[in-house]
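The values are calculated or read from the model by the stated rules, or taken from the named source; none is laboratory data. Since we're looking at a predicted model, the values are computed, not measured. Don't worry about glycine lacking a Cβ; one is built from the backbone with ideal geometry, like all the others, and counts go over all protein chains shown.
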Amino acid sequence: MTAIPDTGPHQNRHLVTEIPGPRSRALMARKEAAIARGVGTTMPVFAARAAGGVVEDVDGNVLIDLGSGIAVTTVGASAPRVIDAVEQQVREFTHTCFMVTPYEGYVAVAERLNRLAPGTHEKRSVLFNSGAEAVENAVKIARAATGRSAVVAFDHAYHGRTNLTMALTAKAMPYKHGFGPFAPEVYRAPLSYPFRDGPDVDGEEAARRAIDVIDKQVGSDNLAALIIEPIQGEGGFIVPAPGFLPALQQWCRSRGVVLIADEVQTGFARTGAMFASEHEGVVPDVLVSAKGIADGLPLAAVTGRAEIMDAAHAGGLGGTYGGNPLACAAALATIDTITEDGLIQRARDIEALALPRLSRMRDADPRIGDVRGRGAMLAVELVDPTTAAPDPELARAVASAAHAQGVIVLVCGTHGNVLRFLPPLTISDELLHEAFDVLSAAFADLRS
């Protein structure tokens, strides 16, 4: 792998103040006075530098990063190729708007995505700014291609915070509460959730259950698209049972329904494949990507079958900043880093290190009900050991304890009872082991 820049923070957890330190507390006071309170923060610290597997705050504390800015800085927050590419592009021009005077970078990113996305069919891509914006446009394209209006999403889904994507998102608080009414013609189907379904419901049975709901409540003749995260993100890192996704794909193909894979969080080597759909050989009609695509610069994409993508009329897709030249330069450098530094294999190596550690923690602590995930997208679900009811209080307490010891950990899940781990793929084994040592100690300290 490419070495971490010498100018970055040392790759060691190091605390010089309590968390948060005085400078972070002062900045938080300014934040609360200047920024709308609807913008929350997970950690009470302010970042100064980041690279490899660490984030250094303004007080000089160096934190182990198990969040990657929510799966964004997959190749590290200061990846050398990305820095060089953006520096070169910013000297040439920062913006012209691709819809006014286009530039090669946008075309080059689309070409790369068309080659990387699953399937050998002819593809087209279009670039946007955020995952939510790309999801909205994927639905627009599917509606244009099918002449239908209904869209099905799944239980526990998260697809964004815009009006249509809030309708697609399942969780009310904090994403939807008080923000309605939402876009119409959005329906929900049950997901395959192995931990909650139990051993009697395999992937194919779970798919039959979902299809039965869709047939009865929507009808395939009315359905433009079925949108699903191959592994759910905010919903709790739920990995569907084997066979679930292929069965849905087969049903969509037989009914002329566009299958949209929301790979915003799962894309770009995160799960040990370039895209998570590949794990079961699923070839979506349309694939949505963002987050890890450009190592922190705002970029998202919709990539799909040429005949579907070309259904929208000229001028129907676009946006002033979509495919910004700086973001395109970063995306090309990010993809080069993934492929040339073997980061898909590195994600698998992280899984091989982390899953046994988490499994041993589960074996020793019945409050850890499930360990799941793929690659560097892993999670533990915390429960009442007697009833298996979700335990969000424990999740928050463990996360808070980890934060105080300098480990960035995120909470997710419909009930807020899942700890998720999204380390940069450039993190060292030593930092991973140290982070899990901190988590193990937090669980021990919080044992009732």
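The table that follows gives values for the structure above.
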| item | result |
| --- | --- |
| Residue in segment 419-426 that is basic (Lys, Arg), outside any helix (DSSP H, G or I) and at pLDDT below 95 present | no |
| Yes/no for Asp200 being modelled with pLDDT under 95 and either of a type in the set (Phe, Trp, Tyr) or exposed (fewer than 15 other Cβ atoms within 10 Å of the Cβ) (or both) | yes |
| Residues (part of a strand (DSSP E or B) and either over 27 Å from Ser277 (Cα atoms) or touching a Pro at 6+ places or on another chain (Cβ under 7 Å) (or both)) located in segment 359-381 | Ile368 |
| Residue within segment 394-404 that is in a loop (DSSP other than H, G, I, E, B), over 22 Å from the mean Cα position of the chain (by Cα) and either small (Gly, Ala, Ser) or modelled with pLDDT of 95 or more (or both) present | no |
| Candidates Gly281, Gly304, Gly292 - the one that is more than 30 Å from Ala444 (Cα to Cα), surrounded by fewer than 18 Cβ atoms within 10 Å (Cβ to Cβ) and touching a residue at least 24 places away in the same chain (Cβ under 8 Å) | Gly281 |
| Which numbered condition His403 misses (of (1) touching a Ser or Thr at 6+ places or on another chain (Cβ under 9 Å); (2) over 29 Å from His10 (Cβ atoms)) | (2) |
| Cross-chain or 6+ apart pairs with Cβ under 9 Å, segment 388-412 first and more than 16 Å from Val371 (Cα to Cα), then buried (at least 16 other Cβ atoms within 10 Å of the Cβ) and of a type in the set (Lys, Arg) | Gln405/Arg13; Gly406/Arg13; Val407/Arg13 |
| Exclusive hit being touching a residue at least 40 places away in the same chain (Cβ under 8 Å) and either in contact with a Phe, Trp or Tyr (Cβ under 8 Å, 6 or more places away or on another chain) or farther than 27 Å from Cys252 by Cβ (or both), set Ala273, Ala311, Ala354, Ala269 | Ala354 |
| Qualifying residue in segment 244-263 (condition: under 29 Å from Asp197 (Cα atoms), small (Gly, Ala, Ser) and within 16 Å of the chain's Cα centre (by Cα)) | yes |
| Verdict on Arg367 being farther than 21 Å from Gly235 by Cβ and basic (Lys, Arg) | no |
| Residue satisfying all of: in segment 118-152; among the small types (Gly, Ala, Ser) and more than 25 Å from Thr320 (Cα to Cα); surrounded by the most Cβ atoms within 10 Å (Cβ to Cβ) among these | Ala150 |
| Flag for Val75 being surrounded by 14 or more Cβ atoms within 10 Å (Cβ to Cβ), assigned to a loop (DSSP other than H, G, I, E, B) and outside the structural domain of Ala397 (by TED's automatic domain parsing) | yes |
| Search result, residues across segment 427-448 that are of a type in the set (S, T, N, Q) and part of a helix (DSSP H, G or I) | Ser440 |
| Selection from segment 78-117 of residues that are under 27 Å from Val282 (Cβ atoms), among the hydrophobic types (A, V, I, L, M, F, W, C) and surrounded by fewer than 16 Cβ atoms within 10 Å (Cβ to Cβ) | Ala108 |
| Ala50 vs. criteria in a helix (DSSP H, G or I), more than 22 Å from Tyr321 (Cα to Cα), assigned by TED's automatic domain parsing to the domain that holds Leu432 and not aromatic (Phe, Trp, Tyr) | no |
| Selected residue (criterion: farthest from Arg396 (Cα to Cα)) from residues of segment 15-50 that are surrounded by 14 or more Cβ atoms within 10 Å (Cβ to Cβ) and at pLDDT below 95 | Pro44 |
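Here is a yes/no grid of residues against (1) aliphatic (A, V, I, L, M); (2) within 29 Å of Ile19 (Cα to Cα); (3) surrounded by fewer than 20 Cβ atoms within 10 Å (Cβ to Cβ); (4) assigned by TED's automatic domain parsing to the domain that holds His95:
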| site | (1), (2), (3), (4) |
| --- | --- |
| Met309 | yes, no, no, yes |
| Leu317 | yes, no, yes, yes |
| Asp370 | no, no, no, no |
| Arg374 | no, no, no, no |
| Glu381 | no, yes, no, no |
| Pro385 | no, no, yes, no |
| Pro392 | no, yes, yes, no |
| Val407 | yes, yes, no, no |
| Gly413 | no, yes, no, no |
